[in-house]
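Here's the structure, in structure tokens; my notes come after.
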Amino acid sequence: MTAPFAQPLVIEPALALLEFSSIAAGVLAADAMVKRAVLQVVRAGTVQPGRFLVLVGGTVAEVEEALKAGREAAPDALADHIFLPGVHPEVVRALDGGRLLKPDEALGIVETATVPAAIHAADRGVKGAQVNLMEIRLADGLGGKGIVFFTGLVADVEAALDLADAALEAAQKVRRVVISQLHADVAAVLRISTRFGAQLNWTFSTHE
């Protein structure tokens with residue numbers, strides 16, 4: 001049996017993502033969204049710490065209509081949301097689990113309080129600066145936070161972080177940093193994974 005989402009994630013041109021503090025409310029909202037709009041992509045499920053995400057993609061008008069339905073269905077449980085009428089393809093690639101491994105350049109990191117904020121930061125940064133979107137990580141293993149990694153020349157990475165920072169509200173921000181010359185040892189482990197457990201598994205397997 002083929003996995004239901006075996007094909008690469010394709011979202012164009014519009015994306016919306018809603019984050020709910022209640023799982024029950026999130027399921028209710030997801031149902032309302034797909035009943036109101038004709039969508040090309042629908043993803044929904046739980047993430048840490050006990051939140052529910054709904055991601056949809058398709059035409060601008062349909063995605064915007066779905067977003068309205070989701071917001072109306074459970075406004076008291078809506079923690080955050082994002083609507084990108086022209087989402088950058090690199091953001092979609094990163095959301096699909098793609099990693100662009102060039103951490104030996106300058107590294108910029110944006111840490112956010114919510115998943116939608118991380119996606120917004122990634123989209124703004126990669127659209128406005130000549131940077132590589134190395135990775136987006138969302139919620140699980142992060143206590144519900146989001147984190148975005150940009151690489152490139154120092155000035156470009158700084159520009160991307162400035163754009164990302166300007167796009168976010170104060171409550172959505174956790175921290176931003178630029179490392180102008182990433183040490184080779186740190187670059188090597190980031191090439192494996194930004195998850196500590198994955199690095200341990202790789203280390204053990206190479207010494208068995």
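The values are calculated or read from the model by the stated rules, or taken from the named source; none is laboratory data. Please read all numbers here as calculations on a predicted model, not as lab measurements. All Cβ positions, glycine included, derive from the backbone under ideal geometry; neighbour counts span all protein chains shown.
The table below gives the values:
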quantity: Single residue of region 121-145 satisfying the filter (of a type in the set (Gly, Ala, Ser), over 15 Å from ASP96 (Cα atoms) and touching a helix residue (DSSP H, G or I) at 6+ places or on another chain (Cβ under 7 Å)) that is surrounded by the fewest Cβ atoms within 10 Å (Cβ to Cβ); calculated: GLY128
quantity: Filter result for the condition that a residue is within 29 Å of SER180 (Cβ to Cβ), aliphatic (A, V, I, L, M), touching a Leu at 6+ places or on another chain (Cβ under 7 Å) and crowded, with 23+ Cβ neighbours inside 10 Å, over ALA118, ALA66; calculated: ALA118
quantity: Residue ID - modelled with the highest pLDDT, chosen from residues in region 168-188 that are assigned to a helix (DSSP H, G or I) and crowded, with 16+ Cβ neighbours inside 10 Å; calculated: GLN172
quantity: Tally of residues being over 19 Å from LYS145 (Cα atoms) and in a helix (DSSP H, G or I) across region 18-52; calculated: 12
quantity: LEU100 being more than 26 Å from ILE23 (Cα to Cα) and either in a strand (DSSP E or B) or in contact with a Pro (Cβ under 9 Å, 6 or more places away or on another chain) (or both); calculated: no
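Conditions (1) farther than 14 Å from LEU17 by Cα; (2) touching a residue at least 40 places away in the same chain (Cβ under 8 Å); (3) touching a Cys at 6+ places or on another chain (Cβ under 6 Å); (4) assigned to a loop (DSSP other than H, G, I, E, B), marked per residue:
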position	(1), (2), (3), (4)
VAL54	no, no, no, no
LEU67	no, yes, no, no
ASP76	yes, yes, no, no
ARG93	yes, yes, no, no
ILE119	no, yes, no, no
